[in-house]
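The values are calculated or read from the model by the stated rules, or taken from the named source; none is laboratory data. These figures come from a predicted structure and were not determined experimentally. Neighbour counts are summed over all protein chains in view; Cβ atoms, including those assigned to glycine, are modelled from backbone coordinates with ideal geometry.
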């Protein structure tokens, strides 16, 4: 076990204590998930770090529809001591304040995945040398706003950019009010300004594509090597993927930082206001359209199309908004039992009609 730290060092506060009160009566103790590793967990407790596994009852309940599922890094859990002082049983989950959730956008059958819980700041990290993609940032921002955490755009590798000011100016209009920081984790550019957003008791999570420098940024913020890093590949100007699992670390003076592996796909599991927040400028324009149900297509008096014609709105931004809306609609349909039943009914009707057509065309002996 490691040295003992107060739970407040891991973000425990009065609100968490109030939510945990019913568990305390049952003789359980609180702990926070630091690392998830193939079905077991490293948890911070009042006695130091310990290993933990979910109880049989918890496993049964977690697999029921409508339940929050298994613990993830950042969760506060109710722990039951065992005969082994270095092992606990997880008997309950303290309600999450925030949850970063994704699903694969190209796989409609993929389940929702909670990436991190109880995050205060969500640092969306991208690279200024070869990875700056406004459409991808819009997707990340929608996920961030839906999570309940405060998004922060971090444009890393500023030392490799030819024109940092222009890059920041291109991103600011899509940030939706989220702070934008151009930094260099290797040279220290902008780290003081970014670091001022951290604080004891607050939890920040780093998310972004592989190779954008999240691990290097974590090490720079921590002032020591917390995570291994990889050099930039010469063939495509991208960094190497180094983080292989999510883990929560405590950085004195900077609070708690949660590093995550790079993501190839980030799909929206549900909206929860995230898309509206990420595209608030389009909604503000839409309020001035002649028709309240304007689809921003060919309707007369469309303020959104007018902004595109005037050059103040990128048409690709409107197209991406529509794409994300469709993605969420599909995801919500997958999660709705009535929608699933209706799809099955439609499939059966289509199959019956096709079979009838084939019989009429070829007969029963085809």
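This table checks each residue for (1) out of contact with any helix residue (DSSP H, G or I) (no Cβ under 8 Å at 6 or more places or on another chain); (2) in a helix (DSSP H, G or I); (3) at pLDDT 95 or above; (4) crowded, with 23+ Cβ neighbours inside 10 Å.
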| position | (1), (2), (3), (4) |
| --- | --- |
| 153 | no, no, yes, yes |
| 159 | yes, yes, no, no |
| 162 | yes, no, no, no |
| 165 | yes, yes, no, no |
| 169 | yes, yes, no, no |
| 176 | no, no, no, no |
| 199 | yes, no, no, no |
| 204 | yes, no, yes, yes |
query: For the range 41-54, does any single residue satisfy the condition of being loosely packed, with under 12 Cβ neighbours inside 10 Å and either in contact (Cβ under 8 Å) with a residue 60 or more places away in the chain or not assigned by TED's automatic domain parsing to the domain that holds residue 200 (or both)?
result: no
Reported set for the range 69-87 where residues are under 27 Å from residue 120 (Cα atoms) and either in contact with a strand residue (DSSP E or B) (Cβ under 6 Å, 6 or more places away or on another chain) or assigned to a strand (DSSP E or B) (or both) is 71, 72, 73, 74, 75, 76, 77, 78, 79
Looking across the range 237-265 at residues that are out of contact with any strand residue (DSSP E or B) (no Cβ under 9 Å at 6 or more places or on another chain) and at pLDDT 80 or above, the single one that is nearest to residue 198 (Cα to Cα) is 253
Filtering the range 134-150 down to residues that are part of a helix (DSSP H, G or I) and free of Cβ contacts under 8 Å to residues at least 40 places away in the same chain yields 137
Every listed condition ((1) in contact with a helix residue (DSSP H, G or I) (Cβ under 9 Å, 6 or more places away or on another chain); (2) modelled with pLDDT of 70 or more; (3) surrounded by fewer than 17 Cβ atoms within 10 Å (Cβ to Cβ)) holds for residue 270 save (2)
Original post:
Residues in the range 71-91: is at least one touching a helix residue (DSSP H, G or I) at 6+ places or on another chain (Cβ under 8 Å) and exposed (fewer than 14 other Cβ atoms within 10 Å of the Cβ)?
Top reply: no
Across (1) at pLDDT below 90; (2) surrounded by 17 or more Cβ atoms within 10 Å (Cβ to Cβ), residue 118 clears everything bar (1)
Picking from 305, 321, 298, the residue that is surrounded by 13 or more Cβ atoms within 10 Å (Cβ to Cβ) and farther than 22 Å from residue 177 by Cβ would be 305
